[in-house]
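Asks: The structure that follows is given in the form of structure tokens.
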Amino acid sequence: MAESGGAEGTDNSVGTHDGVVDEQSAVQLAYRPESADALVGLRVRERIKRTGLLLRGVFLALWVGQWLLFIVGRGSVDVVSTVLFLFVVLVVWGYPRLQAAQVQRVVGWQGEYRATVSPAGITCRTDHSTLSQKWSFFQGYRETAGHFVLLSRDPSISWLSVLPKRGVRDGEGLDRLRAILDEHTSRV
């Protein structure tokens, strides 16, 4: 699954030499993207960048401070300011989930994703599109319990490729996938 960005391609030859994929080294994934996949990718990006996490923390701290000052100044709890404060907490907590839901609306309608990870890069196909990315596009990847999240090289990390482990069909596929990722990009 890919999230945001504009580095689209239609070249079907990534992972190929004269149009033939090396089947022994390539790993095939087939999956339907889920909102939880996008949420994992967004959380990984947030941990790497840290600015979004820092800004949300500062924003929340300012609201807590404002709310406490208001309570101390009046000497009692005001219902309106408390409800507004709780709304802000809910928005700050829910923002990544809203982003993940938006990503799911963008990619989910395309149905099943068939990804091929090879020494030349990643090719992801649906019934409606094909996206090919060479390894030079990525700064690195992070492995989570259920996903491999590849992060684009640009400073804002505006593109994520999330490969759910559930998409690997054969037992040795995860080890081969991990070996390809380790060989062609670094862990971040």
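The values are calculated or read from the model by the stated rules, or taken from the named source; none is laboratory data. Everything numeric in this text was worked out from a predicted model, so none of it was measured. Quick reminder, even Gly has a Cβ in these numbers, built from the backbone with ideal geometry, and neighbours come from all protein chains shown. Accessible surface areas use protein heavy atoms only, side chains included; no ligands, DNA or RNA. Shrake-Rupley method; radii C 1.70, N 1.55, O 1.52, S 1.80 Å.
Asks: Given +1 on the Cβ of Lys and Arg, -1 on the Cβ of Asp and Glu, and no further charges, what dipole in debye does the chain carry about its Cα centre, rounded to the nearest 20?
Replies: 800
Asks: Could you work out the percent of alpha carbon pairs in the chain separated by over 24 Å, rounded to a whole number?
Replies: 45
Asks: Just the number please: accessible area per residue for segment 31-188, 1.4 Å probe, all protein chains included, in Å².
Replies: It amounts to 55 Å² per residue over segment 31-188.
Asks: Also: Order the following by accessible area, largest value first: Phe85, Phe59. Probe radius 1.4 Å; ligands, DNA and RNA are ignored.
Replies: So the residues, ranked largest to smallest area, are Phe59, Phe85.
Asks: Considering amide H positions built from the backbone, and no H for Pro or chain starts, which residues 5 or more places from His147, or on another chain, come under 5 Å of its amide H?
Replies: Lys165
Asks: State which helices in the chain qualify, where a helix is a whole DSSP H run, it must extend 18 Å or more along its own axis by its Cα atoms, and its mean Kyte-Doolittle hydropathy must be at least -1.0.
Replies: 35-49, 51-74, 79-107
Asks: Please list 3J(HN,Hα) in residue order for segment 136-146, calculated via the Karplus relation 6.51 cos²θ - 1.76 cosθ + 1.60 where θ = phi - 60°; whole Hz, with x for glycine and proline.
Replies: Result, ordered by residue: 5, 6, 9, 7, x, 9, 10, 9, 10, 4, x Hz.
Asks: Would you work out what percent of the accessible area of the chain, with all protein chains in place, is carbon or sulfur (probe 1.4 Å)?
Replies: Answer for the chain is 61 percent, counting heavy atoms of protein chains only.
Asks: Scan around Tyr113 for amide H atoms under 5 Å from its own, H built in the peptide plane at 1.01 Å from N, and keep only partners 5 or more places away or cross-chain.
Replies: Tyr31, Arg32
Asks: What is the calculated FRET efficiency for Lys134 to Arg176, with r their C-beta to C-beta distance and R₀ = 22 Å, to the nearest 0.05?
Replies: Plugging the Cβ-Cβ distance into 1/(1 + (r/R0)^6) gives 0.70.
Asks: Explain nothing, just compute: Karplus ³J(HN,Hα) = 6.51 cos²θ - 1.76 cosθ + 1.60, θ = phi - 60°, for every residue of segment 120-134 in order, whole Hz, x for Gly and Pro.
Replies: 8, x, 10, 10, 10, 10, 10, 5, 10, 7, 9, 10, 10, 10, 7
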